[in-house]
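First up is the structure itself, then whatever we jot down about it.
The values are calculated or read from the model by the stated rules, or taken from the named source; none is laboratory data. The model shown is predicted, which means the values in this text are computed figures rather than measured ones. Cβ placement follows ideal geometry from the backbone for every residue including glycine, while neighbour counts extend to all protein chains displayed. Accessible surface is based on the protein model in full, side chains and every heavy atom, while ligands, DNA and RNA are left aside. Shrake-Rupley method; radii C 1.70, N 1.55, O 1.52, S 1.80 Å.
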Amino acid sequence: MRAYLPDYHLRAPKTLADALDVLAREPGVWRAFAGGTDLMVLLEFGALKHKNFLSIRHLPELRGIEVTPDHVVLGALTSYTEIQRDADVRREFPLLCAAARETGGIAIQNRGTLGGNVVNASPAADSPPALLVYDAELELVSASGTRHVPYDTFHTGYKQMDMRPDELLRSIRLPRTTGDLRTYYRKVGTRKAQAISKICFAAGARLATDGRIKDARIGLGSVAPTVVRCARTEDVLRDQTPDEATIKAACASLVQEIVPIDDMRSTAEYRARVAANLLADFLSTLKIDGGKSDSA
Amino acid sequence: MQTEIVGKPVPRKEGRSKVTGAARYVDDLSMPGMLYGTTVRSPVARGRIRAVTFGEGIPWDEFVVVTAKDIPGENAVALILLDQPYLAAEFVNHAEEPVLLLAHEDKHLLERARRAVTVDIEPLPAVFTLEESLAGKEIVWGEDNVFKSYLVDKGNVDEVWTQPDLLIVEGEYSTGAQEQLYIETNGVIAVANAAEGVTVWGSMQCPYYVHKALLKLFALPPERVRVVQCETGGGFGGKEEYPSMIGGHAALLSWKAGGRPVKIIYDRAEDMVATTKRHPSLTRHRTAVTREGKLVAMDIEFVVDGGAYATLSAVVLSRGTIHAAGPYTCPNVRVRSRAVATNVPPHGAFRGFGAPQSIFALERQLDKVAGAVGLSPAEFRRRNFIREGETTATGQVIREPVDMAGLLDRAFELTDYEAKRERFARENAENNSTQKRGIGFASFMHGAGFTGSGEDYLKSIVGAEADAEGRVRVLAASTEIGQGTNTIFAQLASNALGLDYDLVEMAQPDTGNVPDSGPTVASRTCMIVGKLVESAAVGLRQTLQGAGLLTDEYTQDEWREACRRYVERYGALKSFSQYKPPPGVHWDDEKYQGDAYGAYAWAVYVAEVTVDTLTYETRVDDFVAVQEVGKVVHPVLAAGQIEGGVAQAIGFTLYENVVWQDGRMINNQMTNYVMPTSADLPPIRVHFEEQPYQYGPAGGAKGIGELPMDGGAPAILNAIEQATGVRFTHVPLMPEALMRGLNEKA
Amino acid sequence: MSDGAIKVDVRCTVNGATHTLRVRPMARLLDVLREDLHLTGTKEGCGEGECGACSVLIDGELVNSCLVPVLQVEGAEIKTIEGVAAGAELHAVQQAFIECGGAQCGICTPGMVLAAVSLLAHTPQPTDADIRHGLAGNLCRCTGYMKIFDAVVRACERAGVKA
């Protein structure tokens, strides 16, 4: 343990209201602590700069998966294991299930939370690309009220978010409009399990009856300072037939749209190339009589 | 009475304590008044220490502080040379080199204090790669950066190149560093003071190496130093030499603290960044072959990067050199090898010990040569396999029956190699799949025991003792590090005496109580030390028989009774046995000619792969390991050795990449240095052939510990070559490099 | 503000015994088990949730105890490797690990046994893929995993496998 333990404070407020009250009274002093699967790693390495935390793991208001006519609402504390076990999520949001299944090992999946994955704001996180494809919306709560933020505008820069210090992420809402969405998920991390992604690729598309793409959605991790929705490439695809020329144009657009870097895990060149390859692979599966793509 | 214990999967001796969590590793031990120790290390790769400053806000008077000035004896880790200091005094030669030690009873405060020490160093130019070292970019060790060089010279290579009608094929191959990644990090507890001497408990492979090092460090006579091995959570070579360093550090702190116990346990980041790794290597081949595919000459240059100090590089180089020409007959062989210095933490022992590096190069080169001749890789090798009565590169006459072609046949049969080779070639060419398939193999051998005269020099001793109830204890410094020493030694002793397995135990390796049976390295524990276990055990019986207490045929009850009467009459019943080389073994250390090893294990490994051309990732789909090992003492443990070694070889080939920056490993976390998980490995199918070695224990066992590390990398890259058509020459072959290779081809 | 330095009481059950622990709230469960309760069967391999050597069960679910601040086990039921056997009688998974060679150096074994126990509790008849996936968070450097797979298969062939 490289941290000096007496420097760190962890409190467990009794209720959500208590937690929000503390956050409002001392803004910026306290931060939420959920499953700990990211923060405890930083603590171990002596790299956890913030010192004061509120444990929110036990708060029932942040738990559970609720299905409404229009949405599936996942409490911020929903674990990766709970995501995989939920029949509705499995059926309607297979990309999210695939991401949950490939996040860490079983022990991480039992402890790590979807909300934590979002607000930890790692560009290499596994579930955010899927959330982007599903047009997720975040529900942020504070002592002064509740607001909803579209997920694709939430991350504003490396580890920067549209979230105030007095706010907590309460839930992630997914519109139940995925019926005819063909999806594709691929996490690339050298090994099959327990990997930090070098590229995380999630995509979905709908086809018109004439075979043209009417709705393309591409979410990528580890190719920019934040996870990104590739809107320009989606525009390139709109109303196009997924033929070779379209695939080529889309791949060319994608490598322009992302800004991967060299780091100890991989290279910019590799990330760009593989992202394009995966996009091409996804698009090549889009045929009128095909079902959902397989990789998720 | 159990009649035949050898070859049976008896339960692992310490199995129960391991599955219940009762087994005690060093970090599980605590002592009254114990302090925790830590190491302040160099932030730069090479330089002169200007000052050490102790920062504000730390109660420094509560800390034990040790610098080079506090060392009672010699400031050098005694191994082969004495060039590596325990604590840098004036100069540092690699990043993370130990400069100063601290101890305190509060380990959290200790860590805070470690961070508050600043070592101010005036940087000096450094070299970080073996290429830079060879080029003499900067002389950082000795006169020429060369720790050691060897020349193996058989026939006359230089006369071959001008001969007519030969094909000459050249190739260059390289391998990266690899972290041993035992799951238990290095750790020790030491108690040391002038009155009582020095005692170290720890995780280690070689208690007597640590013992020898402590004698020098403290200038004490042997009886004042005691080293005890605790349950050890993996070694793979990584705990061959390093425990001498960390053990010395803890002992220095305890000495300064007046004998209070001091525990040092590295965390994973420190263990990865500061301790040894497999030597990176560079091999150049020039091969002459007839148009019929007979090897005429092999000219091999083999270089390993030893890091900043000599440590074990000379012997790693030796093994790599001797294995460089493989299990083939060739009239002219020259191997020129060098271990060179760089300013990175010293590279050290890791399973295979130089052989995986040089065998990788050879087995890649031979696929290339086969292609040049127009033969399949298999047919080419068949024409050149060594046979009984023929000589190796060092001129060693193979006196045991060897059937490499038979191993190849068996491996091919088990994998349906020929049919798959043909089918994959067809399918890769025909379809547009993003998944490309390949199958490849490597054939190789691995010598058991120390090289050349090494065993004769070691003169290992094993003891056995029996108590009044007839229970036998084996006394040896050979350690159980997971590979099964406790179990096979008990098998060998009980087998030799015709006693129940349960009646035999291993004594804890404690230099105060067991003789020096040599280090637990070099695939020597079963073959060399096991043979001594047998003869020490037989010595017990002979003593009882000599005393007239036991007849030639006896029951277990008669054995117990004889022991009871002997102990009653004479006191302790003990027997010792010392190594003697088998007859007719000769080794010339000057010319590097002769019988390099007492025996070799022989093997053919086949790998089947799929390369994903979307992500450039390679999956090993199937792996078959066929080897001839003399005699299998314990089928489950033996297979476990092969499977574990193959898994490490797959890691070495496709997953494990040490990322360096200015001579420092920067991906020193398990998250970023990626070893295979259970989801990544193929089925590893293990098959043994037995051709008893006449001087091996249990009717002919040879060593197997390192063998499985050798064949994986070339077999996999040979398979990838079939899948991609690209001739890759470096491992680890990470997806990024595979992508570049495919791009260049396209 | 220095209430981090102040220890708090955390009540939990460990291997069936109730404890009130006086601890720093951010202390790792791993350290509390090993140092305060002297349950040293739980091992530390990496300190970052990567190797699984520190695996324990909290309320029946597998977790990395190096990633759990002890405050968060208030009211929880914890099972460590020391609580897997029923007295002298080994759990089927433990017995199978011995027989099949699933333990070599033994340092990953406690975590691996708990991962296997947890796997069989949720998936009593696992496929090869289930086993590989279920144990992927537990790294073993000795075995290449093959003998561990054998052990899991043998354990689930025997009746009465329960977490």
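General remarks:
- Test: residue in the range C:46-62 that is part of a helix (DSSP H, G or I) and β-branched (Val, Ile, Thr): no
- Hits in the range A:232-280 - residues which are hydrophobic (A, V, I, L, M, F, W, C) and in contact (Cβ under 8 Å) with a residue 40 or more places away in the chain: A:Leu237, A:Ala272, A:Val274, A:Ala275, A:Leu278, A:Leu279
- Scanning the range B:500-514 for residues that are more than 24 Å from B:Trp201 (Cβ to Cβ) and of a type outside the set (Asp, Glu) yields B:Tyr501, B:Leu503, B:Val504.
- Residue in the range C:11-23 that is assigned to a loop (DSSP other than H, G, I, E, B), surrounded by 21 or more Cβ atoms within 10 Å (Cβ to Cβ) and at pLDDT 95 or above present: no
- For the range A:134-149, the criterion of being of a type in the set (Phe, Trp, Tyr), crowded, with 16+ Cβ neighbours inside 10 Å and not in a strand (DSSP E or B) is satisfied by at least one residue.
- Here the helices (runs of 4 or more DSSP H) wholly within the range B:414-516 that include at least 1 residues being more than 16 Å from B:Pro697 (Cα to Cα) are B:417-430, B:454-458.
- Some residue of the range A:195-205 being open to solvent by less than 40 Å² (accessible area, probe 1.4 Å), in a helix (DSSP H, G or I) and more than 30 Å from B:Ser678 (Cα to Cα): no
- Strands (runs of 3 or more DSSP E) wholly inside the range B:1-66 containing at least 3 residues that are among the hydroxyl-bearing types (Ser, Thr, Tyr): B:35-41
- Qualifying positions in the range A:179-188 - open to solvent by 10 Å² or more (accessible area, probe 1.4 Å) and either within 14 Å of chain B (Cβ to nearest Cβ) or not small (Gly, Ala, Ser) (or both): A:Asp180, A:Arg182, A:Arg186, A:Lys187
- Here the range B:126-137 is the region considered, the condition is being open to solvent by 70 Å² or more (accessible area, probe 1.4 Å) and not acidic (Asp, Glu), and the residue that is nearest to B:Asp305 (Cα to Cα) is B:Ala135.
- Test: residue in the range A:69-88 that is of a type outside the set (Gly, Ala, Ser), more than 23 Å from A:Ala203 (Cα to Cα) and open to solvent by 40 Å² or more (accessible area, probe 1.4 Å): yes
To keep it simple, each residue is scored yes or no on (1) open to solvent by 10 Å² or more (accessible area, probe 1.4 Å); (2) in contact (Cβ under 8 Å) with a residue 40 or more places away in the chain; (3) closer than 30 Å to B:Gly73 by Cα; (4) in a loop (DSSP other than H, G, I, E, B).
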{"site": "B:Leu253", "(1), (2), (3), (4)": "no, yes, yes, no"}
{"site": "B:Ala288", "(1), (2), (3), (4)": "no, yes, no, no"}
{"site": "B:Gly293", "(1), (2), (3), (4)": "no, yes, no, yes"}
{"site": "B:Val296", "(1), (2), (3), (4)": "yes, yes, no, no"}
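- Applying the criterion of being at pLDDT 95 or above and over 19 Å from the mean Cα position of the chain (by Cα) to the residues of the range B:196-210, the residue that is nearest to the other protein chains (Cβ to nearest Cβ) is B:Trp201.
- Filter result for the condition that a residue is more than 7 Å from chain B (Cβ to nearest Cβ) and of a type outside the set (S, T, N, Q), over C:Ala85, C:Ala96: C:Ala96
- Of the criteria (1) assigned to a helix (DSSP H, G or I); (2) in contact with a Leu (Cβ under 9 Å, 6 or more places away or on another chain), which one B:Gly539 fails: (2)
- If you go through the range B:652-672 and keep only what is under 22 Å from the mean Cα position of the chain (by Cα) and either more than 9 Å from every other protein chain (Cβ to nearest Cβ) or among the basic types (Lys, Arg) (or both), you end up with B:Phe652, B:Thr653, B:Glu656, B:Val658, B:Met665, B:Asn668.
- Options A:Leu16, A:Leu23; residue that is touching a helix residue (DSSP H, G or I) at 6+ places or on another chain (Cβ under 7 Å) and either buried (at least 21 other Cβ atoms within 10 Å of the Cβ) or over 26 Å from A:Ile106 (Cα atoms) (or both): A:Leu16
- Some residue of the range B:69-82 being in a helix (DSSP H, G or I), away from chain C (no Cβ under 14 Å) and surrounded by 15 or more Cβ atoms within 10 Å (Cβ to Cβ): yes
- Elements of type strands (runs of 3 or more DSSP E) contained in the range A:1-107, each with 2 or more residues being within 14 Å of chain C (Cβ to nearest Cβ), of a type in the set (S, T, N, Q) and in contact (Cβ under 8 Å) with a residue 12 or more places away in the chain: A:52-55
- Meets criteria (within 11 Å of chain B (Cβ to nearest Cβ) and modelled with pLDDT under 95) for C:Ala5: yes
- Residue count for the range B:546-603 under the criterion of being β-branched (Val, Ile, Thr) and within 30 Å of B:Phe385 (Cα to Cα): the result is 1.
- Where a residue in the range C:113-138 is more than 9 Å from every other protein chain (Cβ to nearest Cβ) and its partner, wherever it lies, is of a type in the set (D, E, K, R) and outside any helix (DSSP H, G or I), with Cβ under 7 Å and at least six apart: C:Ala121/C:Lys162
- Whichever residue in the range A:208-234 is part of a strand (DSSP E or B) and in contact with an Asp or Glu (Cβ under 8 Å, 6 or more places away or on another chain) and, among such residues, is most open to solvent (accessible area, probe 1.4 Å): A:Lys214
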